[in-house]
There are 2 protein chains.
Amino acid sequence: MVVDPTDNPAENSAEAQSKKAAKKQAKDAAKAAKKAEHKAAAGKQDETPEDTPDYSSGKYGQPAMIQSVEKHPERNFVPVTKLIEWIGRKEAVWVRGRVHTSRSKGKQCFLILRQHCSTVQCVIAVSDAVSKQMVKFTGNIHKESIVDLKANAISVPNKIESCTEQTLELSVLEIYVVSTAKAQLPLQIEDAARPENPDDPEGLNIRVNQDTRLDNRVLDLRTPANQAIFRLEAGVCRLFRDILTAKGFVEIHTPKIISAASEGGANVFTVSYFKDSAYLAQSPQLYKQMAIAADFDKVFTVGAVFRAEDSNTHRHLTEFVGLDLEMAFKYHYHEVVETIGATFTAMFRGLRDECAQEIAAVNQQYKVEPFQFLDPPLRLQYVDGVAMLRAAGVEMGDEDDLSTPNEKLLGRLVKTKYGTDFYILDKYPLAVRPFYTMPDPKDSRYSNSYDMFMRGEEILSGAQRIHDPEYLTERAKHHNIDISKIAAYIEAFRFGCPPHAGGGIGMERVVMLYLGLDNIRKTSMFPRDPKRVTP
Amino acid sequence: MVVDPTDNPAENSAEAQSKKAAKKQAKDAAKAAKKAEHKAAAGKQDETPEDTPDYSSGKYGQPAMIQSVEKHPERNFVPVTKLIEWIGRKEAVWVRGRVHTSRSKGKQCFLILRQHCSTVQCVIAVSDAVSKQMVKFTGNIHKESIVDLKANAISVPNKIESCTEQTLELSVLEIYVVSTAKAQLPLQIEDAARPENPDDPEGLNIRVNQDTRLDNRVLDLRTPANQAIFRLEAGVCRLFRDILTAKGFVEIHTPKIISAASEGGANVFTVSYFKDSAYLAQSPQLYKQMAIAADFDKVFTVGAVFRAEDSNTHRHLTEFVGLDLEMAFKYHYHEVVETIGATFTAMFRGLRDECAQEIAAVNQQYKVEPFQFLDPPLRLQYVDGVAMLRAAGVEMGDEDDLSTPNEKLLGRLVKTKYGTDFYILDKYPLAVRPFYTMPDPKDSRYSNSYDMFMRGEEILSGAQRIHDPEYLTERAKHHNIDISKIAAYIEAFRFGCPPHAGGGIGMERVVMLYLGLDNIRKTSMFPRDPKRVTP
């Protein structure tokens, strides 16, 4: 086996690699490549030959790096989850997977092979077909290495509790290393996958901390919970788009590089743009609204959104994925609120029905309370929400915004009273919303705006926007906004624009709150916060 | 009607608006808002009353800005394309649309109402129900204003050539202005929608130039061709995702803000990131590959990609939408090439079958040659492509890259010989590909890499990537790349990584080339190039 010369814990991080190490590495790599060239495509082993002849020679080893030489169409690859169909059949199967754990015991080696969320026990025991050398080779394969094995699926009398495939094991006939992992890993998958159980003091001690996970995300993402979280996240996006497309929405793409900071210039990242400066869009809102003014009627967009907020909380990222939508309506913005509400309900139904396996996998590691929702969703007036909070002892004025603790409290009160983890809060005070928010026609202290909540945390903010350029100007002036800086925004409404409303959803928040996770970094594959831009 | 005080062509652009104009505007806006408040919800008109009593009073006018007061559930709104079902029925219909053109002729007014790509003729003629004042009011509505009208659908004896609905007209009973457009528009929709016909000298003279279009994109996007282009573009993304999802791919999201410039630091935008600097990702490649190393097996991502190239050509943007995919394979990268090829073929079939209306609408303005493709797609070896070019008189070395003119020529030669607008060119010379490209195992002058072409222009570049960290280091050194700068990239492969290949597709290019358009700015809703970051 090619031994990695940098297999030294102090040199595990990329940053720690000195030029010298890199040079040595390259030299060894050249050697290794040369060695590989001279090796047959399969079967030669690197172990020192033992005294006894190796009658398994050619049935195991580390072939040369796969460089697309052969296609091996004769190899019948079967997913681990389908192995059950091959129990007791004469025909052998091929499986590619990772060495999850490996344990040698006398003349046999037990190896647990992992494929995504599935694991299966494999046995290599000395026999007429399997030599001592082959067993030894197998026992020395580093954890997390990728192997191809040919095996027979065999029924087992006692359930194998440590694997997802509990009724069978693989009796290995051939085994080849496709890709070797370093001997020492910065984190163990078993530790990273350990259930969070506050009653298990040992579990707490060997928990992998978040920065170690994120620094070594390629390993961390291999846990069954992470495999499931990001498959469910893909489901959220798919459902969002499919549901809206079925309702006649058109997907659009809005620029991330913009010439003027959207809302006054706070919390915006600056980009050097040739000889000039530009900004990263904090929201696609202006562009969604322009698409409405351009007759696209109902639009959505899924894309990166940037916030230069120096917030180091469990729910803030500097870059996240926005699920944004905007919709022209005939006479009342509740046409839009109902559409968004129905979209969420359909999404929750879809996740429940289509991602049950993923939810179960996450639940193995993190305690997930099933997400409850009503259909149609609950819609409360802001004043009624305030009344509920006051009845619970909170002191706040009619036109005060909800603090984060009060949002959470209201979420609990709503859950108790109505039995739902999702609700819509309508008619926010005008004073706490942006200048482009349409005031309530009946009570100027309020507005045609709304937030939506999951488990007591805001996941959508939206409103009817002012579509009349004169009135928009008036409201901007009222907010002391420099009109010249938003002239382009106002201009978009001078050529006829239908009344419209919309909202923006944080994708990572939806996944975090749907699963009841405690940190948004768990639902961003490569999270960005004020202190992290790597990997 | 509220007259816009800034209705002056010199002040049409947002940039031209002085602070003074903005001030005046706001004052007028305040007046207008006050006026709107005092107006009844419907029916009052702003025209000076004539001597004769107005027996249509209350059946037309400009109601107050729609602020979500009433819901009007009794109004039966019908899309223009469905009006045909209402011909001859007693029941009146409601239609919301834009005034495309309007022409007064004695006691009647002909108005063409537009809704997306559809147009219908509306007639308001003086009668027992329609007053002179109402006809006059209608004749004065600015083009591009949005109106609600109540009307009867009536069959016409002669085809109305100027409308998409040619067999009917609307006899208007009521008409209300929902949103007024400025009297003077920076471009006329009719001009912007005029077919490109080199034989029509008049057509060429009144063509709207590209910068005028892009400066006033909200208007320009209203042309039938643009309505169709961006609906087809949504179809490209939908098909790309649906086809890959059905093949077991998982959608991921990769960060746009990165800590190190991907390929040496050229052509990259710098972002100020709190007290530090960061970069905008030129491709999601490293992250796609990390997802593969993290066991996601087959991934795709749709998102913004940034190139700080000072290229002002018909096919370069500084920000575009990347359709990227990456896939682990068993033994040969052709498993991936076949998957990508089949994805394109399925996409072309989907566009042809599901977007026929959109293609026809674009064809009304721009001559579109139907896109031809083979199933399975044609795959040529690079050496054979070079041989075809040489046979056509091109002088080039075996290991030379294809110049843009040669790519186009080869596209024409392939089209003539094989009858396809799409093909795959496999086995590029190693020397012209990035360091992470896997060399051809049989001939080290070539590589396991490929480009794909539509109408002779490259729309995908891809390869088998080197998944062995030692060999990757060796190749990087061969390219004189500072290993310390790509340590994080190499590190991702030290924990076991399956062989994999992938590619990146430019969404706007696919749409441009599928439709045979001449400029990528036609297929980016809000294009970004070295000279344009607005609107």
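Look at A:P434 and say whether it is within 26 Å of A:A488 (Cα to Cα), away from chain B (no Cβ under 14 Å) and touching a residue at least 24 places away in the same chain (Cβ under 8 Å).
Criteria met by A:P434.
Which condition number does B:A125 fail, the rest of (1) over 32 Å from the mean Cα position of the chain (by Cα); (2) aliphatic (A, V, I, L, M); (3) surrounded by 17 or more Cβ atoms within 10 Å (Cβ to Cβ) being met?
(3)
List every residue pair whose Cβ atoms sit under 6 Å apart, with the two residues 6 or more apart in sequence or on different chains, where the first one lies in the stretch A:284-311 and is of a type in the set (S, T, Y) and the second, anywhere, is not in a loop (DSSP other than H, G, I, E, B).
A:T301/A:D324
Identify the residue in the stretch B:128-147 that is modelled with pLDDT of 95 or more, over 20 Å from B:E190 (Cα atoms) and assigned to a loop (DSSP other than H, G, I, E, B) and, among all such residues, is farthest from the chain's Cα centre (by Cα).
Among residues in the stretch B:128-147 that are modelled with pLDDT of 95 or more, over 20 Å from B:E190 (Cα atoms) and assigned to a loop (DSSP other than H, G, I, E, B), the one farthest from the chain's Cα centre (by Cα) is B:S131.
Quick one: which of A:G385, A:G397, A:G393 is buried (at least 18 other Cβ atoms within 10 Å of the Cβ) and of a type in the set (G, A, S)? Full working, then the answer.
On the way: A:G397 fails: buried (at least 18 other Cβ atoms within 10 Å of the Cβ); A:G393 fails: buried (at least 18 other Cβ atoms within 10 Å of the Cβ).
Going through A:G385, A:G397, A:G393 in turn, the sole match is A:G385.
List, please: which pairs have Cβ atoms under 7 Å, are six or more places apart or on different chains, and start with a residue in the stretch B:335-364 that is touching a residue at least 60 places away in the same chain (Cβ under 8 Å) and end with one that is among the hydrophobic types (A, V, I, L, M, F, W, C) and surrounded by fewer than 18 Cβ atoms within 10 Å (Cβ to Cβ)?
Sorted first by the residue in the stretch B:335-364, then by its partner, the pairs are B:I359/B:V368; B:V362/B:V368.
I need a count of the residues in the stretch B:235-269 that are part of a helix (DSSP H, G or I) and either surrounded by 16 or more Cβ atoms within 10 Å (Cβ to Cβ) or touching a helix residue (DSSP H, G or I) at 6+ places or on another chain (Cβ under 7 Å) (or both).
11
Return the only residue of B:D242, B:D215, B:D191 being at pLDDT below 95 and either more than 30 Å from B:G58 (Cβ to Cβ) or away from chain A (no Cβ under 14 Å) (or both).
Sole residue among the options that is at pLDDT below 95 and either more than 30 Å from B:G58 (Cβ to Cβ) or away from chain A (no Cβ under 14 Å) (or both): B:D191.
A:L113: assigned to a strand (DSSP E or B) and under 22 Å from B:F493 (Cβ atoms), yes or no? Even if it seems obvious, please write down each step before you answer.
On the way: assigned to a strand (DSSP E or B): yes; under 22 Å from B:F493 (Cβ atoms): yes.
So A:L113 fits the description; yes.
Residue-wise test of (1) modelled with pLDDT of 95 or more; (2) among the acidic types (D, E); (3) within 12 Å of B:Y428 (Cα to Cα).
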| site | (1), (2), (3) |
| --- | --- |
| B:Y446 | yes, no, yes |
| B:M452 | yes, no, yes |
| B:R455 | yes, no, no |
| B:I459 | yes, no, no |
| B:Q464 | yes, no, yes |
| B:H467 | yes, no, no |
| B:I481 | no, no, no |
| B:S484 | no, no, no |
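Farther than 23 Å from A:I229 by Cβ and of a type in the set (D, E): which single residue out of A:E165, A:E161, A:E196 fits that description?
So the residue among A:E165, A:E161, A:E196 that is farther than 23 Å from A:I229 by Cβ and of a type in the set (D, E) is A:E161.
Return the pairs, sorted by first residue and then second, in which the second residue is hydrophobic (A, V, I, L, M, F, W, C) and assigned to a strand (DSSP E or B), the first residue lies in the stretch A:455-470 and is closer than 30 Å to B:S145 by Cβ, the beta carbons are less than 7 Å apart, and the residues are 6+ apart or on different chains.
A:G462/A:A501; A:A463/A:A501; A:Q464/A:A501; A:R465/A:A501
So which residues in the stretch A:63-87 are more than 9 Å from every other protein chain (Cβ to nearest Cβ), of a type outside the set (S, T, N, Q) and closer than 28 Å to A:P224 by Cβ, if there are any at all?
A:V78, A:P79, A:V80, A:K82, A:L83, A:I84, A:E85, A:W86, A:I87
Do the conditions hold for B:V305, that is, is it β-branched (V, I, T), outside any loop (DSSP other than H, G, I, E, B), within 14 Å of chain A (Cβ to nearest Cβ) and farther than 21 Å from A:C237 by Cβ?
It is false that B:V305 is β-branched (V, I, T), outside any loop (DSSP other than H, G, I, E, B), within 14 Å of chain A (Cβ to nearest Cβ) and farther than 21 Å from A:C237 by Cβ.
A:R494: of a type in the set (D, E, K, R), farther than 16 Å from A:A293 by Cα and within 12 Å of another protein chain (Cβ to nearest Cβ), yes or no?
For A:R494, the condition - of a type in the set (D, E, K, R), farther than 16 Å from A:A293 by Cα and within 12 Å of another protein chain (Cβ to nearest Cβ) - is not met.
Can you tell which of B:K150, B:K82 is buried (at least 16 other Cβ atoms within 10 Å of the Cβ), among the basic types (K, R) and either touching a strand residue (DSSP E or B) at 6+ places or on another chain (Cβ under 6 Å) or at pLDDT 95 or above (or both)?
B:K150
Any idea how many residues of the stretch B:194-212 are modelled with pLDDT of 80 or more and touching a helix residue (DSSP H, G or I) at 6+ places or on another chain (Cβ under 6 Å)?
Result for the stretch B:194-212: 3.
In the stretch B:278-302, what residues are facing chain A (nearest Cβ under 9 Å) and either within 22 Å of the chain's Cα centre (by Cα) or modelled with pLDDT under 95 (or both)?
B:L286, B:V302
Output the residue which, of all residues in the stretch B:91-107 that are without any contact (Cβ under 8 Å) to a residue 40 or more places away in the chain and either exposed (fewer than 14 other Cβ atoms within 10 Å of the Cβ) or under 17 Å from B:I146 (Cα atoms) (or both), is nearest to the chain's Cα centre (by Cα).
The residue in question is B:R103.
If A:S272 meets every condition in (1) in contact with a strand residue (DSSP E or B) (Cβ under 9 Å, 6 or more places away or on another chain); (2) surrounded by 20 or more Cβ atoms within 10 Å (Cβ to Cβ); (3) facing chain B (nearest Cβ under 9 Å) apart from one, which number is that one?
Failed condition: (2).
The values are calculated or read from the model by the stated rules, or taken from the named source; none is laboratory data. A quick note: this is a predicted structure, and the numbers were derived from the prediction, not measured. Reconstructed Cβ throughout: ideal geometry from the backbone, glycine too, with neighbour counts over all protein chains shown.
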